[in-house]
Each structure stands twice: as C-alpha cells, then as structure tokens.
1. Where in segment 89-201 are the helices (runs of 4 or more DSSP H), entirely inside, with at least 3 residues that are at negative phi and among the aliphatic types (A, V, I, L, M)?
2. Being within 21 Å of P167 (Cβ to Cβ) and hydrophobic (A, V, I, L, M, F, W, C) is the requirement here; does V21 meet it?
3. Please find, within segment 207-223, the residue that is nearest to R131 (Cα to Cα) out of those that are out of contact with any strand residue (DSSP E or B) (no Cβ under 7 Å at 6 or more places or on another chain) and open to solvent by 40 Å² or more (accessible area, probe 1.4 Å).
4. I'd like the full set of residues that are farther than 17 Å from R74 by Cβ and among the aliphatic types (A, V, I, L, M), limited to segment 95-110.
5. If you scan segment 147-187, which residues turn out to be in contact with a Phe, Trp or Tyr (Cβ under 9 Å, 6 or more places away or on another chain) and under 28 Å from S6 (Cα atoms)?
6. Scan (1) in contact with a helix residue (DSSP H, G or I) (Cβ under 8 Å, 6 or more places away or on another chain); (2) surrounded by 15 or more Cβ atoms within 10 Å (Cβ to Cβ) for the single condition R115 breaks and write down its number.
7. Considering every residue within segment 118-126, establish whether at least one is without any contact (Cβ under 8 Å) to a residue 24 or more places away in the chain, among the aliphatic types (A, V, I, L, M) and buried (at least 18 other Cβ atoms within 10 Å of the Cβ).
8. Give the residues of segment 30-44 that are open to solvent by less than 20 Å² (accessible area, probe 1.4 Å) and not in a helix (DSSP H, G or I), sorted by residue number.
Amino acid sequence: PCAVVSLGEWLAHTAGLLREVLDAGRTPVVVGGSGQYVTALVQGWTPPAVPPDPAMRAELEERARRDGRDVLWRELRERDPDAAARIDPRNVRRLVRALEVIASTGLPFSEQRRRVEPWFAPIVLGIDVPRSELYRRIDARAAAMFAGGLLEEARTLRALDPPQGAPPRAAIGYREALDYLEGRCGLEDAIRRACLATHRLARVQDNWFRRHGLPVRWVAGSGDPDAVAEVALRLGRDAAADRLAGRIAGPA
C-alpha cells in the first residue's frame, strides 16, 4: 500500500532528525521545494492532530471529481472563510484536509493551526533562476525522467492500485505517466503536460516563498553550479556570523 505522510507527521520526523544532526555537532541542511512544508518548519506551525478519515476523504474526492473542485472550496468558504482565503481552490488535497478537520473537531480549521517559536534559528536561502532558464531546465528534466525509468515506476505504482485521489497518483510526472499507460494520451503529450504542470508549480512556489513572510536570502541561480553553491555557502556563513554577533534576532 501507498503510505501518506501528513504535515504533522513530517514535522515531527524532521524535528527528530534535526536534533540528531545538531547533537552530533553538525549543521543540518534541509533542502526542499514544498512551500507549505518549508514554511511550517521555519515558522513553527503546529497542525491539528486529527487522524485521516479514509471514508470521508473518498467521499469528498468523489464530489470534487463529479461536481468540480470548486464545490469543495465553496463549502469551505461557507464553513471557514479564513481557511478558504489561504487555500488555493485548485488544491483538492488541502481542501479535503481542511473539511475533514472541521468535520472531526467541529471547529474552524483556521483556528486550529497555531504557531510556536521554533526551537532552532533557521537561515533560509533561495535559488533565484530567471523564468525562461527555469522552464528550460524543467523541460529537460521532464524529458529525462520519462527516458530514465519514470514509466517503469508508474507501472509499479499502478500495480499497487492507490485510490484515484491519492497523492501518489496526483504527483506531477506520475499523473501524466499513468495517463499515458492507461491510454488517455500519447507519450509526447504526457511529457508536454508534465512540463506545463511543473511550470505552473514553479510559479505557485515562487509566489508562496515571496508572499508568506519568510526571511529568504535569494541567490542568483544562473551560471556555474559550483559558483552558485559557493555564494549560497558564503551567505549562510555571513548570516550565521551576524546572528552570533547579535545583529539578527533569532529564537533561543
């Protein structure tokens, strides 16, 4: 079966790994692209501890498929306007989770996601690549994924038979590969759609990191990768030195 890890579970697991690395006298480096997960870690989110309800999720996902995902967003707007204002109407998984938590607790989802001051002092670096160059890299990566074994992985995933709304089926690349394997499109069309979906995701993630109050230090991401890495390391060292000198406020 395909395991689904919630945001709360990921945060707990990541906190344990961070402590292990710090206790060993080393500096942990967290690398990721999910704006929500990175922000939750850096800002000390505490998601509601509500276990998944598979039956309710299946029902809500079926409604989204049958009536359109906007129906879930409209229901959330009626029950919790603050949560609806923060969730992308296209993000069925987050809409389902918010409605699931509301149904389980009887409380607005927006009131249950608290923040506490993180116990570590993060330094956030972002790689800023010009949009045209980013799209070129995305397209090359998508083609390489399909040529390098993605279809075989998708066949393995298909054999596990996850539900239609399960995150593994919805992941960019796997979704398009499964559409090809199941006869809904041709191979070239699947690659093209994976490229376009990743373009959209890149725009969404860029907007997220620039709009959610994270203290990101942006590094120009064009040119020689080693040079980019050296600039990032220097910025990280400078930020750490400033913090130790008391010029940057950070959690104790």
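1. The qualifying helices (runs of 4 or more DSSP H) are 92-105, 131-145, 151-160, 174-181.
2. no
3. Checking each candidate, the answer is S222.
4. V101, L107
5. L150, L151, E153, A154, L157, P168, G173, E176, A177
6. Evaluating R115 over (1) in contact with a helix residue (DSSP H, G or I) (Cβ under 8 Å, 6 or more places away or on another chain); (2) surrounded by 15 or more Cβ atoms within 10 Å (Cβ to Cβ) leaves (2) as the failure.
7. Within segment 118-126, not a single residue is without any contact (Cβ under 8 Å) to a residue 24 or more places away in the chain, among the aliphatic types (A, V, I, L, M) and buried (at least 18 other Cβ atoms within 10 Å of the Cβ).
8. If the condition is that a residue be open to solvent by less than 20 Å² (accessible area, probe 1.4 Å) and not in a helix (DSSP H, G or I), then G44 is the only one that fits.
The values are calculated or read from the model by the stated rules, or taken from the named source; none is laboratory data. Note that the coordinates shown come from a computational prediction; the quantities given were computed from them, not determined experimentally. Neighbour counts run over all protein chains shown; Cβ positions are idealised from the backbone, glycine included. Each accessible area value is taken on the protein alone, full model and side chains, heavy atoms only, with ligands, DNA and RNA left out. Shrake-Rupley method; radii C 1.70, N 1.55, O 1.52, S 1.80 Å.
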